[in-house]
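Peer 1: Below you'll find the structure I mean.
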């Protein structure tokens, strides 16, 4: 087999894989977006992030975000997956903070209500769902309970995306 034909085949396979990943990512993004919309009908929030745990890199990867954090502390929780979100994952339990006591005109866009729930499936951490609101006392135990019920459904979406990517990768190789 000529070298130039082999290189063309490799590039064609990489191109096909790239198209499949993009298509799958769009499907997962749409499903996660729908999950956010459903949750938003039941729970009022300003910030929302779905994280997936990457076992190779040992870090949280934001898969879907809504709203923009306006300060570094909130960015750590809603974009990096550390801080209070990290505590939630370390202890495998939901974290509900009703009032962070961040007040004043300069702090009107600081998260004052925080809710994080780990996504645990088959005793393994898949990720986390994190909600935030700029006003205090916006989340309660009923919201935590609802999020604990919805979290495994979101985990199914995340795991489906992982499985589809692995299957398509094997098909290309």
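Computed from the coordinates by the stated procedures, all read-outs in this text should not be read as laboratory data. This structure is a prediction, so every number in the text was calculated from the model and none was measured. Cβ atoms come from the backbone with ideal geometry, glycine included; neighbour counts cover every protein chain shown.
Peer 1: What ranking do 121, 60 get, fewest neighbouring Cβ atoms within 10 angstrom at the top?
Peer 2: With the fewest neighbours first, 121, 60 line up as 121, 60.
Peer 1: Among 91, 64, what is the fewest-to-most ranking by other Cβ atoms within 10 Å?
Peer 2: Starting with the residue having the fewest Cβ neighbours, the order is 91, 64.
Peer 1: Once label points are set 7 Å from the Cα along Cα→Cβ at both residue 98 and residue 145, what is their separation, rounded to one decimal in nm?
Peer 2: Calculated label separation equals 1.5 nm.
Peer 1: Follow-up. Order by neighbour count: 153, 56, 95, fewest other Cβ atoms within 10 Å first, most last.
Peer 2: Going from sparsest to densest Cβ surroundings: 56, 153, 95.
Peer 1: Under a crude label model (7 Å from the Cα following the beta-carbon direction), how far is residue 123 from residue 136 in nanometres?
Peer 2: 4.1
Peer 1: A further question on this structure: Stretched out fully, how many nm does the piece from residue 87 to residue 61 gain, at 0.36 nm a residue minus the Cα gap?
Peer 2: This chain segment gains 7.8 nm when fully extended.
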